[in-house]
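For reference, the structure is listed below as C-alpha cells.
The values are calculated or read from the model by the stated rules, or taken from the named source; none is laboratory data. Quick caveat: nothing in here was measured; it's all calculated off a predicted structure. Note that each Cβ is placed from the backbone with ideal geometry, even for glycine, and that neighbours are counted across all protein chains shown.
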C-alpha cells in the first residue's frame, strides 16, 4: 500500500464530518456499510475536519468531536487493522491537491452544486469561500488516494460527478491519460436514507431542534422506545406490499429502519407485519433497535473514556494514509511541472 497503487481490486474512500453526535441515520446510512466494506475492499475512512470548518465551530470543540467520530467508527465495528481510520487535516495531500483542483475546476461547475445553495440559503454572499469550494476538496479527498469507489447517498451524487469531471479534466489538461481514475458510486442495501421520526419527508439530522426526531447512538433503551412510540405514521396499519407505502412517508421510513437493522428487504418486513397496527410494529422496532444499538453504545462509551487509545489509532491511520497519498502527490507535482527542491 505504500506505492500509491491499490493492492485490491477496488479502493474505497469515505469521510464523516466531526460535527457532533451521530444518530441512527449515520449508522444505517454509513457506519454499518463501512463495517461490511472493510471485509470486501481496501478502505480508507476519514474524519473530515477540514470540511467541518467551512462553517463556524465552537472554540475547542473540534478535537473532541473528532475523537467522538473515531470512537463511533470503532464502536460500530470498523477494525483499524483492516481499514485506515484517520483525520483529514493530518495528511497534507488533501489541502495541496484541493488547491491544484481549484485551478482545474470551473466556477460554473461549482455554481451548479445544489448543496451550496441549500446550505448558504438566501444570504450566499456571506457564506465562506470554503463552503462554495467544498466539493473540490471532496474530489481531492477521493483522488489523493486514487480511490475507485465512494459510498454515497442521493445528496452526494452530484459532488461525486464533479469529482469525475475534475479527474477527467486534469488528465486531459496535463496530458496524463488515465492518471486519476473515474470514481464510481457505491450504494449498498437498505437503509441508505433514514428520515426524521417527526417528518418522513426530511432526513434524520442532528441539527433538528427536536430530539424526538432522531435516535441518537447513545440513547438509552427507554429513550429509544419512547421515540419510536411517538414517531409519525398514519391511521392505516402495516400494508402488505411496498407499493402501498407510496405516499406514506412516515410509515415507509419506519419500515426502512426495521429493514436496515434486520438486514432484510422492506418486503420481508411487510410479510412479517402485514395487517397489524403500529401499536404492534413500533415496540418490535424498538426492541430490534435496542438489541442492535446497545452493544455499540457500550463500546462507544468505552472508547470515549480512552482518548489516548483513540489518538494512537488515529496516529497510525495518518501514517498509513500518508504512505498511500505521498507518492501520488509527488507524481502530481511532476505532472503539473512544479520546481523540485
*Within region 269-283, can one find any residue that is in a helix (DSSP H, G or I), under 28 Å from the mean Cα position of the chain (by Cα), free of Cβ contacts under 8 Å to residues at least 12 places away in the same chain and not assigned by TED's automatic domain parsing to the domain that holds residue 85?*
no
*Answer residue from region 16-34, given it is modelled with pLDDT of 90 or more and touching a helix residue (DSSP H, G or I) at 6+ places or on another chain (Cβ under 6 Å) and is surrounded by the fewest Cβ atoms within 10 Å (Cβ to Cβ) among those*: 17
*Could you please let me know if residue 219 is within 22 Å of the chain's Cα centre (by Cα) and surrounded by fewer than 19 Cβ atoms within 10 Å (Cβ to Cβ)?*
no
*Does residue 228 satisfy the criteria of being touching a residue at least 60 places away in the same chain (Cβ under 8 Å) and either in a loop (DSSP other than H, G, I, E, B) or in contact with a helix residue (DSSP H, G or I) (Cβ under 9 Å, 6 or more places away or on another chain) (or both)?*
yes
*In region 253-267, which residue that is surrounded by fewer than 20 Cβ atoms within 10 Å (Cβ to Cβ) and in a helix (DSSP H, G or I) is farthest from the chain's Cα centre (by Cα)?*
267
_Output for region 261-275, where each listed residue is out of contact with any helix residue (DSSP H, G or I) (no Cβ under 8 Å at 6 or more places or on another chain) and at pLDDT 95 or above_ = 271, 272, 274
*asked:* Residues that are modelled with pLDDT of 95 or more: list the helices (runs of 4 or more DSSP H) wholly contained in region 58-164 that include at least 3 such residues.
replied: 62-76, 93-102, 129-143
_Take the conditions part of a helix (DSSP H, G or I) and not assigned by TED's automatic domain parsing to the domain that holds residue 97 and apply them to residue 330. Does it pass?_
no
_Subset tally (residues that are surrounded by fewer than 22 Cβ atoms within 10 Å (Cβ to Cβ) and touching a helix residue (DSSP H, G or I) at 6+ places or on another chain (Cβ under 7 Å)) for region 35-47_ = 1
*Could you please tell me which pairs satisfy a Cβ distance under 6 Å, a separation of 6+ or placement on different chains, a first residue in region 302-319 that is at pLDDT 95 or above, and a second residue that is assigned to a loop (DSSP other than H, G, I, E, B)?*
313/80
